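The values are calculated or read from the model by the stated rules, or taken from the named source; none is laboratory data. Owing to the predicted nature of the structure, the values given are computational and were not obtained by experimental measurement. With ideal geometry, Cβ positions are generated from the backbone for all residues, glycine too; neighbour counts draw on all protein chains shown.
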Amino acid sequence: MDIKVNNKIIKEMCGTLSFKRGEAYYRSDKVKFDEYNENSCDATVFGTEEFHVSIVKDRNGGFRGECSCPSLANFQKDCQHIAAVLLAIYDHEQKGTNSRLQQTNGGDLTKGFMTIFNDKPTQASGHHRYFEKRAVLDISFTCKALSVGNGQYMLGLEVALKSTNVLHIRDFLLGVNEGEPIRLSSEFTYDPDLHCFSTKTDAIIQHLIRVVHDEESLLESMSHTTGYKGTNQTLIIPPSSWKRLVPLLIDSSAKLEYNERLFDHLRVVEGAPPIQFLLDETSQDNFQLTVKGFEGMLVLNSYRSVLCDGQVFQLDGEDCDRLFELKQMLPFLDTNHIPIPSKDITYFLQKIVPDLKKIGHVELSRAVNQRFFKTPLKARLYLDRLRNRLLAGLEFHYEGVVIQPLESRDVPTGPMIIRDIAKEQEILELLDESGFSKTDGGYYMQNEALEYEFLYHVVPKLQKLVQLYATTAIRNRLVRKETHPAIRVKHKKRERTNWLEFKFEMDGISDNQIRDILVALEEKRKYYRLRNGSLLSLETTEMEEIHRFLTTVPIQDENFEAKWNLPVSKSLHLLSSIDDSEVFTAEKSFRQFLDHLLHPGKLDFEVPAELDPILRDYQKQGYKWMKTLASYGFGGVLADDMGLGKTLQSITYIVSELSSIREQKKPVLIVCPSSLTYNWLNEMKKFAPNLKAIVIDGNQSKRENLIQNSEAMDVMITSYPLLRRDSKWYENQSFHTVFFDEAQAFKNPATQTARTVKKIQADHRFGLTGTPVENAIEELWSIFHVVFPQLFQGLREYSHLTRKTIARRVRPFLLRRMKEDVLAELPKKMESLELTELLPEQKKLYAAYLAKLRTDTLKHLDRNTIRKNRIKILAGITRLRQICCHPSLFVDGYQGSSAKFQQLLHILDESRRTGRRVLIFSQFTKMLKLIGKELAMQGQPYFYLDGETAAEKRVEICNRFNEGERELFLISLKAGGTGLNLTGADTVILYDLWWNPAVEEQAADRTHRIGQEKVVNVIKLVARGTIEEKMNELQDKKRELIADIIDSEEQASTTLTEEDIREILME
């Protein structure tokens, strides 16, 4: 082609990574030209499949390329296949060869093509977690110290199989790596198809395989310096590999051999080996150091290790080098005594002894101890106040010797003292930094602010270092830390409004002075001087709590009486603080008020007679909890586990309020997902037939007609989508109570749904949801912002609250019970994870698509670009999940099968023979239709439900299934995961995973709920070694969010972050 192209241009077009991959394609002779002329060319690049590339010259002399590969998340650069063709064009132009229809050797191509499909995959050497049938070999390891000449030692490793040493260890390791049989003895041949290693053993073997490649250069170097050439039976361990190998060897109970002694276990000790250093005085008024313990010890300084008494002592590099040099030095002196001249003894004691302690045990003889004693420093600090001055005196005591640091720091005469210079310096620096002035006799300070800082902040630090002697004037200067204003709280009811009264009190302090203290707090002063001259710290945790209280209550005028009266609805954010605070004192009236909220069963709310025999005890408690909140004008969230009857508890509340509803002519409004509107209506007909209820649905004309005829209705039921469409009418109505079913529908406050439900006017508001938090704790704020907005302030303030604070604040207003806590008679739910290997054709397709996705995603895994490309990246991940389910979900004309599909059919066959009734969930409706097609071919009838199924139809087919009609039910995960009662089933199969485990829990709880009499089996199908397995691991990491907010084991996950995507896609 007549185009200008070179390596630089290709890199700019395709990027460095695609350039390198393209170069590999071209150098491997995988580019074939199909059509070639001066203006264009067509070529085929042979990779995991054939990719067709076209290069076309444009009018300006430039060119553009197109490729048939899937362009996932690759928006800025051309692919590696285009790079390969451009490199072929450039190379042919440089060489002047004819590239018109370059032909490859057909025989070689055929041979290579056949090899792709005929190559036997290498069998992993380690024990498989599932489906392992191979025999696990008994392998042992021995670590040996080898003399390599010049007094140096190296560590080697030998391998034994059933107590017989492997004679050619390198051949054995390389054979394991290649997956080939290895003859180890006349009686035994290792075969990777028949044998495997335990997980611990395989970890060591894989490490040794890497060592084999490094050892060659090490042995070559050693042969030049020491003449050592190694043996076939022993593998030399390079020092660089030793640190990573040690924990693996310890875990596998490896042996240790050195100095012709064998120890059963390799033991590693952090710290100094058992070497003894004894310092004694000689007759010539000099000293000597005696060294013991080097006998039988090997110092391997390149490994930072010492072998002694069958143990490996690990030392720091510098300490090990010193020990090695000392051991090398002593044999040349023909003695283990080292003389220390008298003139060097001080330096030796202060500098050398601390380092000797790092490599052994140091002992001073009695004579040395008597002459050179180191007594602990006892520092004394004297504090007094005189004429508005703070005076301080400091002394350093070493037994009978007293040192005045401001007079002189010279070493006193008499016995030699080893002073604690570091501790002395630390004390002096604290005093110098406190702002004292110095005199020959001591320190003084005449500044109230500096005095407070010293007494409150510095003295506690000094008390750890000195003995403190303070006069009464000093002790009275600071008010005791436990002295602070107390806030007495009481509950009052005036004019049908609940009030809380907060009154400040402080022993011996007048209200006027309390007012001044509070003003100082608001001004963020550090202390307040009382009228008696004492300094009251305003930095204690109690004062900080009082300051937080002052910032959250209305501003008072100057004549306030040191108390506040606040409506309860405006004091809710304080409830969690009052409960266990040292500052707040709850009076009886307040404790009774809080007890009623937390234990609604104590209040006398009569259960409607017609429902009393039906309700379980915990449901009666839930009903009374609603009545309690309503009586105080509060809203709440009923967050019972799925299947515990939130609908029935709500209906009970409505029946109890029926007279008020009709008297005020204010109906109850129920807002729920579209799929549940008729479920609510049917439940009311079943449990409360006297209620006049209507579902507002249909087209706009029908809805308008229903609304016009709803005046006499007690209950109106509509869906979230229709509420948005008819929002104008609903906003202008006033309802007695509104119930928001599946309240997580407005977990995002920015959505139109959240804005619409916020505008509904009602005297009482309740949210119903089994998953109050699915992705982030901000979702809880969004729900309460609708049902009880007074509980929290704005989202910004909420984001600054700790999870513990949020949990305590919502406790009275969020009721959650778990099935295992209240339904002892409910059968167990057995959960299992079924892993299956992809079929060969699936695996090849998956590997090719994953490689492409990894390559293209790498450049988008930073915060600046991932948001822009997030949808395309997630679309690529969805493709991988679809390949795991069944490649035909997006590969047109795919004729193969799917491993999970085959496994599902096997499970269904077994379930049919054992009389199980099964729900099958998938998020892909096309997958459900594939399953349905196969079931139809086998003559097995089934029910089907997805997002297109009408609400009335849902209720009908669920009832038919529960009554025993048909054994199988195919359900879309998102459409049927909530609101359905399918206790007629006893087995749930989750065909594919969802990011949020709470969604899967909801699906499983369609059958594990009240009315279930059989053990429920929940089977999760996962393709091993794929993105599905990583998704499952990701779920496991993200199940702790709710447990911090709600006192239960609620499961949740956070949103899919950049780190999550990297973990899922990258190895």
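Return a yes/no flag: does segment 702-712 have any residue that is under 23 Å from Thr647 (Cα atoms), touching a Ser or Thr at 6+ places or on another chain (Cβ under 9 Å) and charged (D, E, K, R).
no
Are any of the residues in segment 755-776 without any contact (Cβ under 8 Å) to a residue 24 or more places away in the chain and not assigned by TED's automatic domain parsing to the domain that holds Leu980?
Yes, some residue in segment 755-776 is without any contact (Cβ under 8 Å) to a residue 24 or more places away in the chain and not assigned by TED's automatic domain parsing to the domain that holds Leu980.
Just to be sure I understand the filter: pairs with C-beta atoms under 7 Å, separated by 6 or more residues or on different chains, first member in segment 9-34 and part of a helix (DSSP H, G or I), second member among the hydroxyl-bearing types (Ser, Thr, Tyr). Which pairs pass?
Matching pairs, first to second residue: Leu17/Thr855.
Tell me which residues, restricted to segment 281-332, are more than 27 Å from Gly156 (Cβ to Cβ) and in a strand (DSSP E or B).
Hits for segment 281-332 are Glu281, Phe287, Gln288, Leu289, Thr290, Val291, Lys292.
Find all pairs meeting these conditions: Cβ atoms under 7 angstrom apart; at least six residues apart or on different chains; first residue within segment 511-539 and touching a residue at least 24 places away in the same chain (Cβ under 8 Å) and farther than 18 Å from Val583 by Cα; second residue of a type outside the set (A, V, I, L, M) and part of a loop (DSSP other than H, G, I, E, B).
Here the result reads Lys526/Glu539; Ser534/Asn476; Ser534/Arg477; Leu535/Arg477, each pair linking segment 511-539 to a residue that is of a type outside the set (A, V, I, L, M) and part of a loop (DSSP other than H, G, I, E, B).
Identify all residues within segment 812-837 that are of a type outside the set (Gly, Ala, Ser) and under 25 Å from the mean Cα position of the chain (by Cα); write none if there are none.
Arg816, Met818, Glu831, Leu833, Glu834, Leu835
Pick out the one residue from Gly984, Gly947 that is small (Gly, Ala, Ser) and without any contact (Cβ under 8 Å) to a residue 60 or more places away in the chain.
After ruling out the rest, the residue left standing is Gly947.
Would you mind telling me which numbered condition in (1) within 21 Å of Arg879 (Cα to Cα); (2) among the small types (Gly, Ala, Ser); (3) more than 31 Å from the chain's Cα centre (by Cα) Ser972 fails?
Failed condition: (3).
I need the full set of residues from segment 801-817 which are buried (at least 16 other Cβ atoms within 10 Å of the Cβ) and in contact (Cβ under 8 Å) with a residue 12 or more places away in the chain, in order please.
Ile806, Ala807, Arg808, Arg809, Val810, Arg811, Pro812, Phe813, Leu814, Leu815, Arg816, Arg817
Search segment 488-504 for residues being in contact (Cβ under 8 Å) with a residue 40 or more places away in the chain, surrounded by fewer than 16 Cβ atoms within 10 Å (Cβ to Cβ) and among the charged types (D, E, K, R), and hand back the single one that is farthest from His596 (Cα to Cα).
Applying the filter and picking the extreme gives Arg488.
Report yes if Ile883 is at pLDDT 90 or above, of a type in the set (A, V, I, L, M, F, W, C), surrounded by 20 or more Cβ atoms within 10 Å (Cβ to Cβ) and part of a helix (DSSP H, G or I), otherwise no.
Taking the combined requirement at face value, the residue satisfies it.
Somewhere in segment 200-209, is a residue at pLDDT below 85, of a type outside the set (Ser, Thr, Tyr) and out of contact with any strand residue (DSSP E or B) (no Cβ under 8 Å at 6 or more places or on another chain)?
No, the conditions are met nowhere in segment 200-209.
What's the number of the only condition in (1) without any contact (Cβ under 8 Å) to a residue 60 or more places away in the chain; (2) over 47 Å from the mean Cα position of the chain (by Cα) that Glu448 fails to meet?
Just one mismatch for Glu448, condition (1).
Return yes or no: is Gly61 within 21 Å of Glu12 (Cβ to Cβ), in contact with a helix residue (DSSP H, G or I) (Cβ under 8 Å, 6 or more places away or on another chain) and either at pLDDT below 85 or surrounded by 14 or more Cβ atoms within 10 Å (Cβ to Cβ) (or both)? I'd like the intermediate steps shown before the answer.
On the way: within 21 Å of Glu12 (Cβ to Cβ): yes; in contact with a helix residue (DSSP H, G or I) (Cβ under 8 Å, 6 or more places away or on another chain): no; either at pLDDT below 85 or surrounded by 14 or more Cβ atoms within 10 Å (Cβ to Cβ) (or both): yes.
No.
What number goes with the only condition from (1) modelled with pLDDT of 80 or more; (2) buried (at least 22 other Cβ atoms within 10 Å of the Cβ); (3) within 28 Å of Ala743 (Cβ to Cβ) that Gly977 does not pass?
(1)
Of the residues in segment 38-57, how many are over 14 Å from Glu93 (Cβ atoms) and not in a strand (DSSP E or B)?
4
Across segment 670-709, what is the number of residues that are in contact (Cβ under 8 Å) with a residue 24 or more places away in the chain, over 29 Å from Lys747 (Cα atoms) and not in a helix (DSSP H, G or I)?
3
Any chance segment 624-636 includes a residue that's among the hydrophobic types (A, V, I, L, M, F, W, C), within 28 Å of Lys829 (Cβ to Cβ), assigned by TED's automatic domain parsing to the domain that holds Pro812 and outside any helix (DSSP H, G or I)?
There is no residue in segment 624-636 that is among the hydrophobic types (A, V, I, L, M, F, W, C), within 28 Å of Lys829 (Cβ to Cβ), assigned by TED's automatic domain parsing to the domain that holds Pro812 and outside any helix (DSSP H, G or I).
If only one of Tyr469, Tyr443, Tyr452 is modelled with pLDDT of 90 or more, out of contact with any Asp or Glu (no Cβ under 8 Å at 6 or more places or on another chain), among the hydroxyl-bearing types (Ser, Thr, Tyr) and surrounded by fewer than 16 Cβ atoms within 10 Å (Cβ to Cβ), which one is it?
Details: Tyr443 fails: surrounded by fewer than 16 Cβ atoms within 10 Å (Cβ to Cβ); Tyr452 fails: surrounded by fewer than 16 Cβ atoms within 10 Å (Cβ to Cβ).
Exactly one of Tyr469, Tyr443, Tyr452 is modelled with pLDDT of 90 or more, out of contact with any Asp or Glu (no Cβ under 8 Å at 6 or more places or on another chain), among the hydroxyl-bearing types (Ser, Thr, Tyr) and surrounded by fewer than 16 Cβ atoms within 10 Å (Cβ to Cβ), namely Tyr469.
To keep it simple, each residue is scored yes or no on (1) surrounded by 13 or more Cβ atoms within 10 Å (Cβ to Cβ); (2) at pLDDT 85 or above.
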| position | (1), (2) |
| --- | --- |
| Arg322 | yes, yes |
| Met329 | no, no |
| Ile345 | yes, no |
| Val368 | yes, no |
| Phe373 | yes, no |
| Leu381 | yes, yes |
| Phe396 | yes, yes |
| Val402 | no, yes |
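Out of everything in segment 916-940 that is among the basic types (Lys, Arg) and free of Cβ contacts under 8 Å to residues at least 40 places away in the same chain, what residue ends up being surrounded by the fewest Cβ atoms within 10 Å (Cβ to Cβ)?
Lys933
Rundown of residues vs (1) in a loop (DSSP other than H, G, I, E, B); (2) more than 30 Å from Ser283 (Cβ to Cβ), yes/no style:
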| residue | (1), (2) |
| --- | --- |
| Val368 | no, no |
| Leu381 | no, yes |
| Arg385 | no, yes |
| Phe396 | no, yes |
| Pro405 | yes, yes |
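Taking into account only those residues within segment 1005-1023 that are out of contact with any Lys or Arg (no Cβ under 7 Å at 6 or more places or on another chain) and either at pLDDT 85 or above or among the hydrophobic types (A, V, I, L, M, F, W, C) (or both), which is nearest to Leu835 (Cα to Cα)?
Here the answer is Val1022.
Looking only at segment 609-620, decide whether some residue is in contact with a strand residue (DSSP E or B) (Cβ under 8 Å, 6 or more places away or on another chain) and in a helix (DSSP H, G or I).
Looking for residues that are in contact with a strand residue (DSSP E or B) (Cβ under 8 Å, 6 or more places away or on another chain) and in a helix (DSSP H, G or I), one finds none in segment 609-620, hence no.
Mind listing whichever residues of segment 744-757 are more than 14 Å from Thr718 (Cβ to Cβ), assigned to a helix (DSSP H, G or I) and under 26 Å from the mean Cα position of the chain (by Cα)?
Gln744, Phe746
Would you kindly identify the helices (runs of 4 or more DSSP H) lying entirely within segment 428-503 that contain at least 1 residues that are closer than 18 Å to Met543 by Cβ and in contact with a strand residue (DSSP E or B) (Cβ under 6 Å, 6 or more places away or on another chain)? Please lay out each step first, then the result.
Working: elements: 448-453, 459-462, 472-475.
Ranges flagged: 448-453.
State whether one or more residues within segment 99-119 are within 26 Å of Glu841 (Cα to Cα) and either part of a loop (DSSP other than H, G, I, E, B) or at pLDDT 80 or above (or both).
Taking every residue of segment 99-119 in turn, at least one turns out to be within 26 Å of Glu841 (Cα to Cα) and either part of a loop (DSSP other than H, G, I, E, B) or at pLDDT 80 or above (or both).
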